[in-house]
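What follows is a short report on a single structure.
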């Protein structure tokens, strides 16, 4: 079974990676010039006695050696305890649990939109290669690729919220609303999802275009045409299908960019998800929360790579037989 | 059945329709970059930023001949501040790009020249760094070491060196098989001498190109961090800070204070990638895939 080997191989790489990332975080925190206790107390640090500060330090285990702190954290993590967020005064697991769903909702919707749009528009662009439409599409894609996502988000707010007044500028619900209703939520989701999908789809679109153009030159496409199959059939059933293979792998490899995009989009639209919370945690130097969120992002990347590998075995019979190179 | 027009377009070379001649885009790109660099160098000599003090009578003016990019919410000229911001971003981007290429070059050189187990371990490290979301890592570093230009530069350099490492490694691997390297080794040259005399001079063009290509990435990273309030100090006119400041005006309908600084990120990035495309089309096809942005 090839897929067992793939999972085993990925896990063998994931464990050292996660250990390296987490121990690296602890080493950085140790080297940081900030005193987490002062950060936690804020202005009250002026009036708090050194004994109490030492007490807090001991409670957090900051007086113990780095290795011991790390081992404790790792042990708690394996036991399912992520610690307590210092800025929100809540368990980290609760902070993440309340927000993860909103992030997944936006990212999943954006993924669907971007896949559909990139496949359709990329194929169209390859089909109408060198036409004015193709030049318009590729030109827009290159420009989007160069444009920072937060800037695109701000421009979208300006056009659709401020000027046209069609959609809300941010948040999860209207300020006056007390409960989350589906129509209200959908209205608030449109801009974040669209901006995230738009900013992430340009490279994908260009990639689809390139690979469809490449496949259109292949002999089997010529053969299919020569046998009298319709142009559209050849394009969709033969060319697009073969062009999809590298696409699956590259999707998995783009998860880090997706995380980056989600952080910025949530920050622009004040979306209450985990990605935007990262910034709040960073600004408050909330180490337990920041560490858990960094770990979560790394896990997302590992999972993305694994899913891409598995999808590839399903899509390409050659891999099933020959194994991954 | 006649071959449709669209099929003909999708299938160049056999359709009688000649492939489009490559546009002279690289000249336009070079010209744009030259104008921007000149502006960044000359404008600060002519207009001091001290003269751009708060002037509430001129606050929030839309673009006009006197203020081509308009004024921000406290009456500062957006054009002048954007040029200052571009200068800050370019310097930060350049230093960070050089830093990342130096780190990546050393790792790639070590991996390529040593080979064997060291090569495999180093390449796994490269894979590991590639699986980190760069911005998150940058946020982590800047949060723990107080927002400053140095923190931004370090966070960009330590997250963006992997591309350079891959390019250098593959180039070293191909150099190792060349006759002149064999000749040097059989002539008694040590490892260090081979690296210094034979590898480095041959790597110079790639390193230069990698640095130039890294600058837009570094600028992008810097502006994203600044936008989030985790980058350069807020009083400094940087492109990210300006877009962040413009956020409030934008909600009031003053689009220009965020739009123009953002354009100054987009335009040079497009110019650099057009140049890169030009160089790539004329260079060694082997490292094309490595340089894909």
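Exactly one of these conditions fails for residue A:208: (1) in contact with a helix residue (DSSP H, G or I) (Cβ under 9 Å, 6 or more places away or on another chain); (2) closer than 19 Å to residue A:103 by Cα. Give me its number.
Here residue A:208 clears every test but (2).
Just for helices (runs of 4 or more DSSP H) wholly inside the range A:266-324: which have at least 1 residues that are at pLDDT 80 or above?
It comes to A:274-283, A:287-315.
Yes or no: the range B:90-113 includes at least one residue that is part of a helix (DSSP H, G or I), within 14 Å of chain A (Cβ to nearest Cβ) and touching a helix residue (DSSP H, G or I) at 6+ places or on another chain (Cβ under 7 Å).
Scanning the range B:90-113 turns up at least one residue that is part of a helix (DSSP H, G or I), within 14 Å of chain A (Cβ to nearest Cβ) and touching a helix residue (DSSP H, G or I) at 6+ places or on another chain (Cβ under 7 Å).
Exactly one of (1) away from chain B (no Cβ under 13 Å); (2) closer than 16 Å to residue A:236 by Cβ; (3) surrounded by 24 or more Cβ atoms within 10 Å (Cβ to Cβ) is unmet by residue A:196. Its number?
Just one mismatch for residue A:196, condition (2).
So for the range B:114-122 (the condition being under 27 Å from residue A:293 (Cα atoms), in contact with a helix residue (DSSP H, G or I) (Cβ under 8 Å, 6 or more places away or on another chain) and within 7 Å of chain A (Cβ to nearest Cβ)), does at least one residue qualify?
No; the residues of the range B:114-122 include none that is under 27 Å from residue A:293 (Cα atoms), in contact with a helix residue (DSSP H, G or I) (Cβ under 8 Å, 6 or more places away or on another chain) and within 7 Å of chain A (Cβ to nearest Cβ).
Name the pairs: first residue in the range B:134-149 and on the phi > 0 side of the Ramachandran plot, second residue at pLDDT below 80, Cβ to Cβ under 7 Å, at least 6 apart or on different chains?
Filtered contacts from the range B:134-149: B:146/A:33.
Suppose the filter is at pLDDT below 80, touching a helix residue (DSSP H, G or I) at 6+ places or on another chain (Cβ under 8 Å) and crowded, with 21+ Cβ neighbours inside 10 Å; does residue A:244 pass it?
no
Within the range A:91-111, is even one residue surrounded by fewer than 17 Cβ atoms within 10 Å (Cβ to Cβ), more than 30 Å from residue A:206 (Cβ to Cβ) and touching a strand residue (DSSP E or B) at 6+ places or on another chain (Cβ under 7 Å)?
yes
Report the residue count in the range B:217-236 for those that are away from chain A (no Cβ under 12 Å) and either surrounded by 24 or more Cβ atoms within 10 Å (Cβ to Cβ) or closer than 17 Å to residue A:269 by Cα (or both).
Here the count works out to 2.
Take the residues in the range B:262-273 that are buried (at least 21 other Cβ atoms within 10 Å of the Cβ) and more than 8 Å from chain A (Cβ to nearest Cβ); name whichever of them is farthest from residue B:29 (Cα to Cα).
B:264
Which residue out of A:232, A:187, A:227 is over 30 Å from residue A:310 (Cβ atoms) and surrounded by fewer than 12 Cβ atoms within 10 Å (Cβ to Cβ)?
The conditions single out A:227.
Consider the range B:85-104. How many of its residues are surrounded by fewer than 24 Cβ atoms within 10 Å (Cβ to Cβ) and closer than 23 Å to residue B:196 by Cα?
4
For the list (1) in a helix (DSSP H, G or I); (2) more than 10 Å from every other protein chain (Cβ to nearest Cβ); (3) under 23 Å from the mean Cα position of the chain (by Cα), I need the number of the one condition that residue A:82 fails.
Result: residue A:82 fails condition (1) only.
So, in the range B:123-173, of the ones that are touching a helix residue (DSSP H, G or I) at 6+ places or on another chain (Cβ under 9 Å) and not in a helix (DSSP H, G or I), which residue ends up nearest to residue A:308 (Cα to Cα)?
This residue is B:131.
Of all residues in the range B:206-244, how many are without any contact (Cβ under 8 Å) to a residue 60 or more places away in the chain and part of a helix (DSSP H, G or I)?
Result for the range B:206-244: 5.
Can you confirm whether residue A:222 is assigned to a helix (DSSP H, G or I), more than 25 Å from the chain's Cα centre (by Cα) and surrounded by 14 or more Cβ atoms within 10 Å (Cβ to Cβ)?
yes
Taking residue A:180 and the conditions (1) assigned to a loop (DSSP other than H, G, I, E, B); (2) within 11 Å of another protein chain (Cβ to nearest Cβ), which numbered condition does it fall short on, given that it satisfies the others?
Residue A:180 satisfies all of (1) assigned to a loop (DSSP other than H, G, I, E, B); (2) within 11 Å of another protein chain (Cβ to nearest Cβ) except (2).
The values are calculated or read from the model by the stated rules, or taken from the named source; none is laboratory data. Since the model is a prediction, treat every value here as computed from it, not as a measurement. So basically every Cβ, Gly included, is an ideal-geometry build from the backbone, and we count neighbours across all protein chains shown.
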